[in-house]
1. What does the charge count around Thr175 come to, taking other residues whose C-beta lies under 10 Å from its C-beta (Lys +1, Arg +1, Asp -1, Glu -1)?
2. Roughly how many nanometres apart are two label points built 7 Å out from the Cα toward the Cβ at Ser212 and Asp189?
3. What do the square roots of 5 times the Cα gyration tensor eigenvalues come to for the chain, in whole Å, largest first, as semi-axes of the equivalent ellipsoid?
4. Place a +1 charge on the Cβ of each Lys and Arg in the chain and a -1 charge on the Cβ of each Asp and Glu, then give the dipole magnitude about the Cα centre in debye, rounded to the nearest 20.
5. State, as an integer percentage, the relative contact order of the stretch 61-113 based on alpha-carbon contacts under 8 Å between residues 6 or more apart.
6. As a quick test, which of the pairs Lys255/Lys281; Lys67/Lys171; Lys67/Lys166 have an alpha carbon distance above 19 angstrom in this structure?
7. Please report the carbon-and-sulfur percent of the accessible area for the stretch 53-157; probe 1.4 Å, protein heavy atoms only, DNA, RNA and ligands left out.
8. Restricting to bridges with both residues inside the stretch 31-107, how much of the DSSP beta-bridge set is antiparallel, in percent to the nearest 5?
Amino acid sequence: MRRPRLRLFGVTLLTTGIAVGALSACDGLGPSKTYEDDATVSEKITSVRLEGDSGSITLRGRKDTAKVAMHRTIKYRDDRPDGPTHRVENGVLVLRDCGDSCSVNYTVDLPAGLPVSGEVTSGRLNLTDVGAVHVKATSGGVEMRDVTGPVDVKATSGSVVGQGLKGGPVKARVTSGGIEMRDVAGPVDVKATSGSVTGEDLKGGPVRAESSSGRIDLATTSPQDVWADASSGSVTVTVPGGPYRVSVHTGSGGKNISVPQSSSAPHHLDLTTSSGSITVKNG
């Protein structure tokens, strides 16, 4: 039997099911209900803005499509929310929440390379094959893969993970959680207040990394400037070739420097830890 289609505000919705859960996804009290549907956005989309209050968001860029296909999972108490939870404003796809005692998870397939901005209050954010990223996650991590624009991410509670960041400068600030960056083409500026910082296959430079509580482990694939400061934790930097101008400062911990050094070298490795060892090596 064919499932009913509802046309609302230029969007085709396909109802896929309702279920009742044992626990509320919204406030932890009483039973919750789950509703899922699919939608196709008819307007041309040039960017995405996030206005989510509760729920995770997954955006998947597709190089072989110009369409936007959306799947929602809504968890709610009392009455089911009516109508779409998104809108289009001058080409901007806005993903919203669904009101009180309600959360909505989005999975959206869209054209590759679209810029993404906005905020998710409670929920994880996953971005693949998108353009510039300028987002904030209050409670939940951020994961990025194959980003073709600059990155500026803030996470209050949750980790930030990025791989294949090839569109320009990468900036990340995390209050509680770690930072992991791999295969980065441009400059890197990251800070974790409570958590470790890991960077691998860092190509463009310069690199600036800071952790108030946690280790720092960086590996570059081209000669570049590196500044790293770990208040409480070790610092390990792996670099190719040399020589480098190396400055190391540690209040409590050993120093192991095995790269060629020269006071006239074009690139500077400036490394500090208040409590922990410092290691600099070729790789």
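The values are calculated or read from the model by the stated rules, or taken from the named source; none is laboratory data. Keep in mind that this is a model prediction, so the values were computed, not measured. All Cβ positions, glycine included, derive from the backbone under ideal geometry; neighbour counts span all protein chains shown. Heads up: the accessible areas ignore ligands, DNA and RNA and are worked out on the full protein's heavy atoms, side chains in. Shrake-Rupley method; radii C 1.70, N 1.55, O 1.52, S 1.80 Å.
1. Every neighbour counted, the sum reads +3.
2. Simple spin-label model gives 1.9 nm for this pair.
3. Taking √(5λ) for each Cα gyration eigenvalue gives 44, 21, 12 Å.
4. Charge dipole of the chain: 400 debye, to the nearest 20.
5. It comes to 59 percent, rounded to a whole number.
6. In this structure, Lys67/Lys171; Lys67/Lys166 exceed 19 Å between Cα atoms.
7. C and S atoms contribute 41 percent here.
8. 75
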